[in-house]
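Enquirer: Here you go, one structure.
The values are calculated or read from the model by the stated rules, or taken from the named source; none is laboratory data. This structure is a prediction, so every number in the text was calculated from the model and none was measured. We place every Cβ from the backbone using ideal geometry, glycine too, and count neighbours over all the protein chains shown.
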Amino acid sequence: MKNNKTEKFSKMTDANLLKEIKSINLTILNLRIDIANRKTKGIHRISQLKKDIARINTVITARKGETNER
(Lines give C-alpha, C1' and ligand atoms only; values in the text may rest on other atoms or scores of the structure.)
Protein backbone atom coordinates (compact mmCIF):
# COMPACT_ATOMS: atom_id res chain seq x y z
CA MET A 1 0.00 0.00 0.00
CA LYS A 2 1.37 3.38 -1.00
CA ASN A 3 1.89 6.19 1.43
CA ASN A 4 -0.33 9.26 0.91
CA LYS A 5 2.76 11.35 0.25
CA THR A 6 4.06 8.82 -2.26
CA GLU A 7 0.76 8.95 -4.12
CA LYS A 8 0.87 12.74 -4.07
CA PHE A 9 4.41 12.76 -5.44
CA SER A 10 3.65 10.19 -8.14
CA LYS A 11 0.91 12.45 -9.53
CA MET A 12 3.27 15.43 -9.84
CA THR A 13 5.35 16.22 -12.91
CA ASP A 14 9.14 15.91 -12.84
CA ALA A 15 9.54 19.69 -12.92
CA ASN A 16 7.23 20.08 -9.93
CA LEU A 17 9.08 17.32 -8.08
CA LEU A 18 12.38 19.13 -8.56
CA LYS A 19 10.79 22.34 -7.28
CA GLU A 20 9.48 20.42 -4.28
CA ILE A 21 12.98 19.09 -3.53
CA LYS A 22 14.39 22.63 -3.63
CA SER A 23 11.62 23.82 -1.34
CA ILE A 24 12.21 21.00 1.13
CA ASN A 25 15.97 21.65 1.13
CA LEU A 26 15.30 25.32 1.92
CA THR A 27 12.96 24.29 4.75
CA ILE A 28 15.65 21.98 6.16
CA LEU A 29 18.17 24.81 6.02
CA ASN A 30 15.81 27.16 7.85
CA LEU A 31 15.08 24.52 10.48
CA ARG A 32 18.79 23.99 11.08
CA ILE A 33 19.29 27.73 11.50
CA ASP A 34 16.36 27.92 13.93
CA ILE A 35 17.72 24.97 15.91
CA ALA A 36 21.15 26.59 16.07
CA ASN A 37 19.57 29.81 17.33
CA ARG A 38 17.41 27.83 19.77
CA LYS A 39 14.18 29.09 18.21
CA THR A 40 12.71 25.62 17.72
CA LYS A 41 13.00 22.12 19.05
CA GLY A 42 11.59 20.40 15.95
CA ILE A 43 14.62 18.26 15.23
CA HIS A 44 12.43 15.31 14.18
CA ARG A 45 10.99 17.41 11.36
CA ILE A 46 14.35 17.34 9.54
CA SER A 47 14.32 13.55 9.29
CA GLN A 48 10.73 13.60 8.03
CA LEU A 49 11.70 16.07 5.31
CA LYS A 50 14.72 13.96 4.32
CA LYS A 51 12.39 10.98 3.93
CA ASP A 52 10.16 13.07 1.67
CA ILE A 53 13.19 13.87 -0.51
CA ALA A 54 13.96 10.14 -0.70
CA ARG A 55 10.36 9.43 -1.72
CA ILE A 56 10.56 12.03 -4.47
CA ASN A 57 13.87 10.66 -5.74
CA THR A 58 12.36 7.16 -5.77
CA VAL A 59 9.45 8.37 -7.91
CA ILE A 60 11.83 10.11 -10.34
CA THR A 61 14.07 7.03 -10.57
CA ALA A 62 11.08 4.76 -11.17
CA ARG A 63 9.90 6.98 -14.00
CA LYS A 64 13.34 6.91 -15.61
CA GLY A 65 13.30 3.12 -15.37
CA GLU A 66 9.92 2.96 -17.10
CA THR A 67 11.14 5.09 -20.00
CA ASN A 68 14.30 3.02 -20.41
CA GLU A 69 12.30 -0.20 -20.61
CA ARG A 70 10.20 1.07 -23.50
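Enquirer: Test each condition in (1) surrounded by 11 or more Cβ atoms within 10 Å (Cβ to Cβ); (2) free of Cβ contacts under 8 Å to residues at least 24 places away in the same chain for T13 and report the one that comes out false.
Expert: (1)
Residue-by-condition table, conditions (1) at pLDDT below 90; (2) under 17 Å from V59 (Cα atoms):
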residue	(1), (2)
E7	yes, yes
T13	no, yes
L17	no, yes
I21	no, yes
N25	no, no
L29	no, no
R32	no, no
A36	no, no
